[in-house]
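Right, one structure below, let's go through it.
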Amino acid sequence: MEQKLRSILQGVQVLDLTRVMSGPFCTAMLADLGAEVIKIEMPGFGEEARHFAPHVNGESTYYALLNRGKKSVSVNMKTKEGVALIRDLARKADVIVENFRPGVMERLGLSHELLQQDNPRLIYASISGFGQTGTYSDYPAFDLVIQAMSGLMSLTGEKGGRPMAVGESVADVSTGMFAAFGITAALFDREKTGIGRRLEVAMLDSVFSMLLTGLARRLFTDRPCERVGNRHPETYPVDSFSTQTGDFVIVGFSDALYSRICNAIGRPELADDSRFRTNQDRNNNEQLLRNSIQEWAAGRTQEEALAALRNADVPSAPIWSLDDVISSGHLQARGMLQPGINAALGDIKVVPQPVHFSGAPDPGVVRTPVLGEHTIQVLATKLGLDSSAIEALRVAKAI
């Protein structure tokens with residue numbers, strides 16, 4: 001008998017109190033894996049990301065990408081009735097995820113201690129900028145703040161230039177990924193213990209933990225870390241170069257690859273040149289070596305340069321725009337552009353979490369919710385409220 005395909009997190013119920021990006025990215029990954037994610041939003045306003053550009057037909061496309069596959073329930077957590085609804089929903093949830101500033105959940109009467117008393121199996125995940133403890137725990141945090149304070153901006157940019165932010169919200173995204181990883185680990189642990197865990201993830205911790213090249217230098221040597229543009233700070237030639245029709249990168253991290261680069265650019269003698277024989281030699285004479293490669297690249301198109309490098313089995317690639325990578329067809333073949341639908345936007349494309357599991361079902365068309373789209377459905381099915389009870393909540397401005 002054929003086994004029915006099953007989503008990895010099928011049957012897991014997630015109560016999502018998160019906003020903007022780090023938290024919603026985490027819960028979107030859980031929804032992609034089959035969890036039922038109930039997103040709580042402020043009635044009439046929604047969460048902040050609904051107001052982020054760009055907007056199409058009055059709906060934030062940024063919000064739509066981050067909140068795919070979730071159910072939107074509008075609850076006013078500034079009312080005692082609204083807080084009571086959250087507690088009721090938490091009693092039935094497997095996971096609750098929040099990214100308020102430290103202390104907010106406690107002031108609302110939704111602390112980990114209270115909710116776990118109600119539901120000992122509950123996994124309670126808190127995402128914040130600087131953590132629940134520490135010198136800066138009460139600082140407001142956004143992606144740019146974390147990039148600035150983590151050390152990442154100090155490492156990014158051209159040599160001698162200003163510190164630069166990475167071109168996407170890497171602090172938010174990485175923290176969301178770490179939180180999703182922690183939640184799935186806690187779910188596995190609960191299968192053995194029967195008890196949920198509290199976990200907390202800080203954006204600063206997340207980004208700091210990824211600065212491995214810089215940390216390998218600063219923790220173990222007395223050499224400073226400096227901005228070096230597109231080149232690797234320890235290995236050369238790992239850098240970008242310009243052709244007549246566009247830029248490309250090469251990765252020559254070993255002596256063998258360096259030798260292949262020399263053959264590809266028609267300068268085999270450089271492989272035995274004493275100025276470039278070892279990686280240290282190549283670092284010491286970086287500009288001379290860069291000039292030789294750039295002179296070769298400048299006389300060719302991007303396509304010609306890459307063909308020569310690939311023929312020599314040198315890791316290399318064009319520097320693509322988003323339009324380039326989307327139009328390549330590769331992501332479509334990989335399932336990284338899934339069909340979605342939204343009541344305001346109509347048919348859209350959404351980008352799922354990137355891990356492929358054997359035996360997982362096709363996700364089909366993914367729905368992204370408009371504000372409050374599932375409020376009545378969730379209150380009726382999860383809490384058993386009838387129409388009169390729901391109307392009373394509406395009158396109390398709790399929903």
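Throughout, read-outs are computed from the coordinates displayed, never taken from laboratory work. Since this is a predicted model, take the numbers as computed values, not measurements. Glycine gets a Cβ as well: all are built from the backbone with ideal geometry, and neighbour counts include every protein chain shown.
Among the DSSP beta bridges whose two residues both lie in the chain, what percent are antiparallel, rounded to the nearest 5?
Given both bridge residues lie in the chain, the antiparallel proportion sits at roughly 40 percent.
So, counting K/R as plus one and D/E as minus one, what does the shell of residues with Cβ under 15 Å around THR133 add up to?
Cβ neighbours under 15 Å give a net charge of -2.
Could you point to the label whose value was computed as P(r) over Cα pairs in 20 Å bins from 0, in percent for the structure here, given [x] 23, 47, 25, 5, 0; [y] 22, 49, 27, 2; [z] 24, 59, 16, 0?
Correct label is [x].
So for each of 220-226, 231-237 I average, over its residues, the number of other beta carbons within 10 Å; can you give me the resulting order with the highest mean first?
Most protected by this proxy first, the peptides run 231-237, 220-226.
How charged is the neighbourhood of ALA297? Take every other residue with its Cβ under 15 Å from the Cβ of ALA297, and add Lys/Arg as +1 and Asp/Glu as -1.
Here the count lands on 0.
For a quick protection proxy, order the peptides 36-49, 247-260, 161-174 by their average other-Cβ count within 10 Å, most packed first.
36-49, 247-260, 161-174
Under DSSP H, which helices of the chain have Cα atoms covering 24 Å or more of the helix axis and a Kyte-Doolittle average no less than -0.5?
170-193
Checking the a/c ratio against 1.5 first, then a/b against b/c, what shape does the Cα gyration tensor give for region 220-305?
Because a/c hits 1.5 or more and a/b fails to exceed b/c, region 220-305 counts as oblate.
State whether region 288-384 is rounded, prolate or oblate according to the following rule on the C-alpha gyration tensor (a ≥ b ≥ c being the square roots of its eigenvalues): a/c under 1.5 gives rounded; otherwise a/b larger than b/c gives prolate, and the remaining case gives oblate.
prolate
Quote the Stokes-Einstein diffusion coefficient, in whole µm² s⁻¹, for region 1-105, based on the Kirkwood radius over alpha carbon pairs, a temperature of 37 °C and a viscosity of 0.692 mPa s.
225 µm²/s
Would you please classify the overall shape of region 145-256 from the alpha carbon gyration tensor, given that a ≥ b ≥ c denote the square roots of the eigenvalues, rounded means a/c under 1.5, and beyond that prolate means a/b larger than b/c while oblate covers the rest?
The shape class here is prolate.
Return the Cα extents of region 151-210 along principal axes one, two and three, sorted largest first, each rounded to a whole Å.
Sorted from largest, the Cα extents of region 151-210 read 55, 16, 12 Å.
Could you work out which residue, out of THR375, THR301, THR175, moves most in a Gaussian network model of the chain, that is, has the largest mean-square fluctuation with Cα springs under 10 Å?
THR301
Running a GNM on the chain with Cα contacts under 10 Å, which residue among ALA180, ALA202, ALA380 ends up with the highest mean-square fluctuation?
Comparing ALA180, ALA202, ALA380 in a Gaussian network model of the chain, the most mobile one is ALA380.
May I ask which of LYS78/LYS349; LYS80/LYS382; LYS159/LYS349; LYS192/LYS397; LYS192/LYS382; LYS192/LYS349 have a Cα-Cα span longer than 31 Å here?
Too far apart for the 31 Å limit: LYS78/LYS349; LYS159/LYS349; LYS192/LYS397; LYS192/LYS349.
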